[in-house]
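S.K.: Would you mind keeping the following structure in view while I ask a few things?
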Amino acid sequence: QVQLVESGGGLVQAGGSLRLSCAVSGSPSVPYLMVWYRQAPGKQREMVATVTSGGTTDYAESVEGRITATRDNRKHTLHLQMDNLKPEAEPRYYCKGRGYCSSGDSEWGQGTQVTVYE
């Protein structure tokens, strides 16, 4: 089965930067979409960025201009560069693969938490 492990979260001062990583294992293929989500306590999980297998990106309006998502299909990794971070309600960031040829979507991982302080 496809497994994803998110890492790179932590505590960062407002205005700082973090680079999240997502390592994928368990499949020789890549999905059509790799997606970054975030979920704050008590709130719904929301999509923040997508990257197609060809590298085309799309971002949620709330974060556009502050994040950059990239993927390396050869290394089976996904990254999310976050700059000029703003204080938020300590969301956890998750990655997910959507559109695998043989099995559809990947399962959810444990995510990685990001905390931004003033």
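S.K.: Within segment 22-38, list the residues whose amide N lies under 13 Å from a label point set 7 Å along Cα→Cβ of residue 103.
M.R.: In segment 22-38, the label zone of residue 103 (backbone N under 13 Å from the point 7 Å along Cα→Cβ) covers 24-31.
S.K.: Among the Cys residues of the chain, which have no other cysteine Cβ under 4.7 angstrom away?
M.R.: 101
S.K.: Still on this structure, please answer the following. Work out the length of the dipole vector of the chain about its Cα centre, built from +1 on the beta-carbon of each Lys and Arg and -1 on the beta-carbon of each Asp and Glu, and round it to the nearest 20 debye. Could you put the intermediate results ahead of the total?
M.R.: Details: 12 positive and 12 negative charges, 50 e Å.
The calculation lands at about 240 debye.
S.K.: To continue, here is another question. Over the Cα atoms of segment 50-118, how large are the radius of gyration and the largest Cα-Cα distance (Dmax), in Å?
M.R.: Both quantities, over Cα of segment 50-118: 13.5, 45 Å.
S.K.: Then there's this: How high is the relative contact order of the chain, in percent, counting Cα pairs under 8 Å that sit 6 or more residues apart? List each step's numbers first, then the result.
M.R.: On the way: 296 pairs, mean separation 43.4, N = 118.
37 percent.
S.K.: Let me ask something else about it. To the nearest 0.05, what FRET efficiency results for residue 25 and residue 58 with a Förster distance of 25 Å applied to their C-beta separation?
M.R.: Working: r = 25 Å, r/R0 = 1.01.
The pair residue 25/residue 58 has a calculated efficiency of 0.50.
S.K.: Then there's this: Given an 8 Å cut-off on Cα distances and at least 6 residues of separation, report the relative contact order of segment 49-118 as a percent.
M.R.: Values: 89 pairs, mean separation 15.7, N = 70.
Here the relative contact order equals 22 percent.
S.K.: Just by accessible area at a 1.4 angstrom probe, what is the order of 6, 64 from largest to smallest? Please list the in-between numbers first.
M.R.: Working: 6 15, 64 120 Å².
Reading off the accessible areas and sorting them downward yields 64, 6.
S.K.: While we're looking at this one, here's another question. Among the lysines, which fall within straight-line cross-link reach of residue 96, defined as a Cα-Cα distance under 16 Å, with same-chain neighbours fewer than 8 residues apart omitted?
M.R.: Once the sequence-local lysines are set aside, what remains near residue 96 is 75.
S.K.: For segment 1-56, what relative contact order do you get, as a whole percent, if you take Cα pairs closer than 8 Å and at least 6 residues apart? Mind showing how you got there, number by number?
M.R.: Numbers: 64 pairs, mean separation 15.3, N = 56.
About 27 percent, as a whole number.
S.K.: Using a cut-off of 19 Å between alpha-carbon atoms, which aspartates and glutamates can reach residue 86, once sequence neighbours fewer than 8 places away in the same chain are excluded?
M.R.: Partners found: 46, 61, 64, 118.
S.K.: Moving on to the next point. Quick check: from the Cα gyration tensor, does the chain come out rounded (a/c under 1.5), prolate or oblate? If you can, show how the numbers build up before the last one.
M.R.: Numbers: a/c = 1.95, a/b = 1.71, b/c = 1.14.
Prolate, because a/c is 1.5 or more and a/b exceeds b/c.
S.K.: Sticking with this one: Taking the Cβ-Cβ separation of residue 39 and residue 72 as r and a Förster radius of 25 Å, what is the calculated FRET efficiency to the nearest 0.05? Walk me through the numbers on the way to the answer.
M.R.: Numbers: r = 25 Å, r/R0 = 0.99.
About 0.50, to the nearest 0.05.
S.K.: Tell me which trypsin sites (Lys or Arg not before Pro) from segment 1-109 have a DSSP coil assignment and no more than 12 other beta carbons within 10 Å of their own.
M.R.: Within segment 1-109, the qualifying trypsin sites (Lys or Arg not before Pro) (loop, at most 12 other Cβ atoms within 10 Å) are 43, 74, 75.
S.K.: Once you list every other residue whose beta carbon is under 15 Å from the beta carbon of residue 50, what net charge do they have if Lys and Arg are +1 and Asp and Glu are -1? Don't skip to the answer; put the middle values down first.
M.R.: Working: positive: 38, 45, 71, 96, 98; negative: 46, 58, 61, 64, 105.
Result for the neighbourhood of residue 50: 0.
S.K.: Also: Tell me, in nm to one decimal, what length is gained between residue 7 and residue 46 on full extension, where the rule is 0.36 nm per residue of separation less the Cα-Cα distance?
M.R.: Numbers: separation 39, 0.36 × 39 = 14.04 nm, distance 1.83 nm.
Extending this stretch completely gives an extra 12.2 nm.
The values are calculated or read from the model by the stated rules, or taken from the named source; none is laboratory data. Quick caveat: nothing in here was measured; it's all calculated off a predicted structure. Counting neighbours? That spans all protein chains shown, and the Cβs are built from the backbone with ideal geometry, glycine included. The protein model used for the area step is the full one, side chains on, heavy atoms only, and it has no ligands, DNA or RNA in it. Shrake-Rupley method; radii C 1.70, N 1.55, O 1.52, S 1.80 Å.
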